[in-house]
Structures are given as structure tokens and as C-alpha cells.
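Novice: Quick one: the structure is below, questions incoming.
The values are calculated or read from the model by the stated rules, or taken from the named source; none is laboratory data. Here the structure is a predicted model, which is why all the values come from computation and not from measurement. Ideal geometry is used to build each Cβ from the backbone, glycine not excepted, and the neighbour counts take in all protein chains shown.
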Amino acid sequence: MIEVRGLFKSYAAFPALKGISFRVPEGEVTGFLGPNGAGKTTTLRILSGFLPATLGTVQVAGFDVREHSRDVRRRVGYLPEDVPLYRDLAVDAFLGYMAGLKEIPRARVRGEVERVVEATGLRPVRRRLISKCSRGFRQRTGLAMALLGDPPVLLLDEPTTGLDPNQVVEIRELIRKLSGEKTVLLSSHILPEVAQICTRVIIVDEGRLVASGTPKDLVERFHLEQRLRVRVRGVLPVDLVAGIPGAEVIRWEEDRTGVLLRVDDGGKVAPALARRLVEAGLDLLELSQETSDLETIFRTATAGGHDA
């Protein structure tokens, strides 16, 4: 749905993007990560047709951004980091105005405003001036603006910046509901948020792509640590854990009912260990695999010396 190939962007003598290439599959929510100044916002602006690229090609929904900019913009909903809202308008009036700018036929504007108001939970404030709305409702208004015209692609730049924890959860749930219906590229510096919403991630650093794939793919690519957590009813005998190929004890539980293991391949070690415990007549209460979290992946990918 989104294809980026060899994308360069320079501001005068400063290279903001240095030949990045990636693909965002249709119907998936993909996290777009990177340190401040890595080139995330510049990339989203190019994808939306707001900025021209210096070199490279970008296709969105089958249309080239440079050659068919108008067709791309009809199929993209863009939520910038600083949402451009006319705060002296009521929510309804603003959305109606933006529907006109998006060239939605006049006969459909009212129904389209109703649809996005319902989808984003804006009904309680739809008649209120935007200047009188809370930050959370203003962010919802920006998301409703992006949804006008029912575009198949959404570009969301830091959609939860400045929100309190309750508002973050609300916006996160709205985005989660779009999974499968829309192709979403979500830029965020809040890694737990990305981990909860996104099925794959793209990581850029200093204008270059340094990693892309599912979290599981990236754990394997960067050779990050995998762990198994085991817990049984009663005492776990040491000899049942010792000697399993590809497993190393990190620590035992104080009451010896469980152990945390470092493993080479959790998919192979877990079945072998489970068989041992069951054959020994133990009641297995927990056997869970833990992989490095997204923060570890991010820090490893942006530390330098890795290619995607």
C-alpha cells in the first residue's frame, strides 16, 4: 500500500533523508520510530504530498506521489504533529469546512461529518468551539479530519503528544480499531504505545533506515536475548533443568518453584523442557517465552553499525 524507494531529502546543504526504502503492507498498523531529528516527520510530509522529495520514488495506494499528487492526497488522511485546527470554529463547522477542502461532494458532507464524529467519539463536543475543547478532544478532531473521505491510508505523526494517560488510552483505542480497515503509518516516540498498537516497526536514524520488520524478526536479526520463565506446583528439581541444550539459568525463584532461563531458541527449548516436567509428574503452572522489548530493539538499532 505504501512503497518508498531510495528516498532522499535535503534542506539546503543538510541531508534529512539518505536513501531510505521501506514498504507498509495493506491493512497493517506500522510503527515509524527514530530519535529526534531522524527524519520521521520529513518522510510523512513527503508521503502526504506536503513536501517534494529530492530523489527517490514514493507510491501510495498505487499512485506516484510526484506524478499523481492529487490522487495520492485523495487517498491519504494526514494527522501532523501540530494539528492545524481553526479554534474559532465549532467542531462540526470545522469538519464541514475541511470536507469541502477535500472535495467531498456537498450532498455527502453532512453524512461524512456524522460518520467521523461517531467514529472518533466527538458527539459530546460537536457544537463546541475547538478553543473550548480539551487537548484530547482537539486531538480527536484532528483524527476526525484525517478520516474525512474515508481514505485507505492514514499517516499519524505523534498522535498522542501532550495528552494525559487517560487521553492516550482513548486515542490508542481509536487507532487500534482502524487495524485491518486502514493502512496506518504511526510515528511515535512512546515505545510502549507502539508495542501495543503496531504489528511491525520501521526504525530510522540520522536519515537512514536501520531496521524494519516485526518485533520477533528484529529480536532474531540483532541476536537479542530470549528467555523462558518456568513455574511448577511444588519444588522444581535442579536436575530437570540442568543439561537442556541451549538453555542457561539466569535465576531461581526463592521458593524454588520456578526458574528464569536464557535460551538460544525458545521455540525448541520450551517443548523439550515441558516434556521433562510432565514426564516427571510435575504440575506445570507457567511456561512463557519472553523476548527483548521494543526499547531494547530501538536502542540496539540506533546504536550504529547495523543495516536493515
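Results for (1) loosely packed, with under 14 Cβ neighbours inside 10 Å; (2) out of contact with any Gly (no Cβ under 6 Å at 6 or more places or on another chain); (3) not in a strand (DSSP E or B), shown as yes or no for each residue.
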| position | (1), (2), (3) |
| --- | --- |
| Pro271 | yes, yes, yes |
| Arg275 | yes, yes, yes |
| Glu286 | yes, yes, no |
| Ile297 | no, yes, yes |
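Novice: Name every residue in the stretch 122-132 that is modelled with pLDDT of 95 or more and crowded, with 18+ Cβ neighbours inside 10 Å, in order of residue number.
Specialist: Val125, Arg126, Ile130
Novice: If I ask for residues that are part of a loop (DSSP other than H, G, I, E, B), buried (at least 17 other Cβ atoms within 10 Å of the Cβ) and touching a strand residue (DSSP E or B) at 6+ places or on another chain (Cβ under 6 Å), which ones from the stretch 79-103 would you list?
Specialist: If the condition is that a residue be part of a loop (DSSP other than H, G, I, E, B), buried (at least 17 other Cβ atoms within 10 Å of the Cβ) and touching a strand residue (DSSP E or B) at 6+ places or on another chain (Cβ under 6 Å), then Pro80 is the only one that fits.
Novice: Another question about this same structure. For the stretch 259-280, what are the residues that are of a type in the set (Lys, Arg) and in contact with a strand residue (DSSP E or B) (Cβ under 9 Å, 6 or more places away or on another chain)? Please lay out each step first, then the result.
Specialist: Step one: filter the stretch 259-280 for residues of a type in the set (Lys, Arg), giving 262, 268, 275-276.
Of everything in the stretch 259-280, just one residue is of a type in the set (Lys, Arg) and in contact with a strand residue (DSSP E or B) (Cβ under 9 Å, 6 or more places away or on another chain), namely Arg262.
Novice: Suppose we filter Ser21, Ser69 for residues that are free of Cβ contacts under 8 Å to residues at least 24 places away in the same chain and in contact with a Gly (Cβ under 9 Å, 6 or more places away or on another chain); which single one remains?
Specialist: Every option except Ser69 fails the conditions.
Novice: Would you confirm whether or not the stretch 250-262 contains a residue that is in a helix (DSSP H, G or I), of a type in the set (Lys, Arg) and not assigned by TED's automatic domain parsing to the domain that holds Ala195?
Specialist: No: zero hits.
Novice: Of the residues in the stretch 159-213, how many are outside any loop (DSSP other than H, G, I, E, B) and either charged (D, E, K, R) or buried (at least 16 other Cβ atoms within 10 Å of the Cβ) (or both)? So that I can check it myself, show each step before the final result.
Specialist: Going residue by residue through the stretch 159-213, those that are outside any loop (DSSP other than H, G, I, E, B) are 165-177, 179, 182-187, 191-197, 200-205, 208-213.
From the residues that got through so far, the ones that are either charged (D, E, K, R) or buried (at least 16 other Cβ atoms within 10 Å of the Cβ) (or both) too are 167-168, 170-177, 182-187, 191, 193-194, 197, 200-205, 208-213.
Qualifying residue count, the stretch 159-213: 32.
Novice: Right, another one. Could you say whether any residue in the stretch 248-269 is over 28 Å from Thr199 (Cβ atoms), touching a residue at least 24 places away in the same chain (Cβ under 8 Å) and of a type in the set (D, E, K, R)?
Specialist: Within the stretch 248-269 (the criterion being over 28 Å from Thr199 (Cβ atoms), touching a residue at least 24 places away in the same chain (Cβ under 8 Å) and of a type in the set (D, E, K, R)), the answer is no, since none of the residues qualifies.
Novice: Let me ask something else about it. Output the residues belonging to the stretch 131-158 that are assigned to a helix (DSSP H, G or I), among the hydrophobic types (A, V, I, L, M, F, W, C) and in contact with a strand residue (DSSP E or B) (Cβ under 7 Å, 6 or more places away or on another chain).
Specialist: Once the filter is applied, which keeps residues that are assigned to a helix (DSSP H, G or I), among the hydrophobic types (A, V, I, L, M, F, W, C) and in contact with a strand residue (DSSP E or B) (Cβ under 7 Å, 6 or more places away or on another chain), the stretch 131-158 yields Leu143, Ala146, Leu147.
Novice: When you go through Lys18, Lys9, Lys40 one by one, which is the residue that is basic (Lys, Arg) and closer than 21 Å to Pro159 by Cα?
Specialist: Lys40
Novice: Starting from the stretch 134-157, keep only residues that are assigned by TED's automatic domain parsing to the domain that holds Leu186 and in contact (Cβ under 8 Å) with a residue 40 or more places away in the chain, then list their pairs with residues that are outside any helix (DSSP H, G or I) and among the acidic types (Asp, Glu) whose Cβ atoms are within a distance under 6 Å, requiring at least 6 positions of separation or different chains.
Specialist: Final answer for the pair search is Asp157/Glu81.
Novice: Go over the candidates Val230, Val219 one by one and state the one that is surrounded by 17 or more Cβ atoms within 10 Å (Cβ to Cβ), in contact (Cβ under 8 Å) with a residue 24 or more places away in the chain, among the β-branched types (Val, Ile, Thr) and outside any helix (DSSP H, G or I).
Specialist: On the way: Val219 fails: outside any helix (DSSP H, G or I).
Answer to the selection: Val230.
Novice: Going through Val29, Val4 one at a time, which residue ends up being under 30 Å from Leu191 (Cα atoms), touching a Cys at 6+ places or on another chain (Cβ under 8 Å) and surrounded by 17 or more Cβ atoms within 10 Å (Cβ to Cβ)?
Specialist: Val29
Novice: May I ask you to verify whether Asp82 is of a type in the set (Asp, Glu), within 25 Å of Gly162 (Cα to Cα) and at pLDDT 95 or above?
Specialist: Answer is no for this residue.
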